[in-house]
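As C-alpha cells, the structure follows; a few thoughts come after it.
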Amino acid sequence: MKEKIESVQKYNLHTHTYRCKHAEGDVMEYAAEASERGIEVLGFSEHPPLHPEDIWTPFRMEEDELDDYFQAISDAREQFPQMKILAGFEMDLYPGFKSYYEDTFLHREDLDYLIGGVHWIKYRGEWMWIQKADTAGHLIEYVKEITGLIESGLMSFITHPDSFAYGYLEWDADAEACSRDILSAAEEYNVPLEINGYGLRKPDIDTPAGPRKAYPLNKFWELASGYDVTVVCNSDAHRPGDVAGGLDGCHRIIEQFHLKHHPVAEAMKEVSSPYKVLNR
Ligand SMILES: [Zn+2]
Ligand SMILES: [Zn+2]
C-alpha cells in the first residue's frame, strides 16, 4: 500500500511522460500511482513540440505524438473516474512561433491548461539552456522570457520561476533584481508561481555561499513574501513513483516564508476546461 498524501495538498499539475525523452512511464502508470496516493487532481504537462525546426528534440515530444498523448489521458480518465485528470503542456513561449503553437496544439479542444516555464533563452542570437546561464546578461534575457509568459495570459501558472539559480550561483544585486522583476510581473498579472518539487529531489549544488538546491531558491521565496503573489506546489514528476514527490517540502517553504497557496486545483476540479476559464 502506497503512502497516502497527508499534506494539505491533494493535487499535482506537473507531470511528464516518456514522450519528452527525459522522463519514464506513461499516463496510466502515473494515474495508478496518483490514485493509490489519494491525489484528487492530476495534471499532465508534457513538453509540447515547441519548435518547427529540429532543435530541443531531446527535451520534448514530437508533433506526431500529440494525438497519442491526448488519447492516453482520455483512457486514464475512463480508468480512474474518481480523479480529475487534466491534459496540459509545460512550455516556453517564443513570440516568433505563436502561429506554429496555435496551429499545432493550442487550438485543441481537449487541451485543459498550460504551464509557462523558461528552459531556453536566446542570448546574442544563440539558444542557450537555462542551466548554463551564469551572467547578468543572461538574467536579463531570462526575465524577458518569463515576463512574456506571464503577460501572455495563456499560462495557468509559472513553473520554477527561480530556475535561473541553477547556473547563476551568487545571490547578488542582479539576482535580486531578476527576482523582483519576476515577482512584480506575477503580482501585476495575478499569475501564480510554482514551488517545484523536482528541484527539491535533486542533489545540492555547490555555490560560493555553500551548498544549496539549484531551485527552489530560498532567497527568491523570501522576497516573494513581500509581494502580493500566490504560489502552487507541484512534484514535476519524471517517473510515476515521484507523482507526489517533494510536495511536503514545497509546503514547508510556503510556511517558512508565509506565502499564499493558490486554490488552482480546486478551481480546476470544478470547470470543464480550466485553460479556457482560468485564462480568459
Ligand atoms: Zn521545467
Ligand atoms: Zn516539468
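Readers should treat all values here as calculations from the given coordinates under stated rules, not as data from a laboratory. Predicted model only: the values in this text are computed from it and were never measured. When we count neighbours, we look across all protein chains shown, and the Cβ atoms used for this are built from the backbone with ideal geometry, even at glycine.
A few remarks follow.
- Secondary structure note: in region 11-278, about 20% of the DSSP beta bridges are antiparallel.
- With the helix formula -39500 (n - 2.57) applied to DSSP H stretches of n ≥ 4, the chain reaches a computed 222 nm mean residue ellipticity of -10000 deg cm²/dmol.
- Annotation for region 55-91 versus region 178-212: alpha-carbon center distance of 26 Å.
- A dipole drawn for region 11-278 from +1 and -1 charges on Cβ atoms has a positive end, and of Pro211, Gly137, Pro263 the residue lying farthest that way is Pro211.
- Max mean-square fluctuation residue, GNM over the chain, Cα-Cα springs under 10 Å, options Gly88, Gly199, Gly125: Gly125
- In the chain the Cα-Cα distances spread across 5 Å bins starting at 0 as 1, 6, 13, 18, 20, 18, 13, 8, 3, 1, 0 percent of all pairs.
- Residue-span extension gain [Ala267 to Trp56] - 0.36 nm each, minus C-alpha spacing: 72.7 nm
- Contact order relative to length of region 15-95, as percent, for alpha carbon pairs under 8 angstrom and 6 or more apart: 38 percent
- For the chain, a Gaussian network of Cα nodes joined below 10 Å ranks Glu109, Glu40, Glu62 by mean-square fluctuation, and the top entry is Glu109.
- Simple Cβ-charge dipole of region 79-150, Lys/Arg +1 and Asp/Glu -1, about Cα centre, in debye nearest 20: 180 debye
- When cysteine pairs in the chain are screened for C-beta atoms closer than 4.7 angstrom, the residues that find no partner are Cys20, Cys178.
- Value of Rg to Rh for region 1-90 (Rh from inverse mean 1/r over Cα pairs, i.e. Kirkwood): 1.01
- Sequence-separation-based contact order of the chain, relative, with Cα cut under 8 Å and 6+ spacing, percent: 20 percent
- Among Pro192, Pro95, Pro240: highest mean-square fluctuation, GNM of the chain, C-alpha pairs under 10 Å: Pro95
- Under 23 Å from the Cα of Lys269 - lysines, other chains or at least 8 residues apart: Lys4, Lys10, Lys84, Lys260
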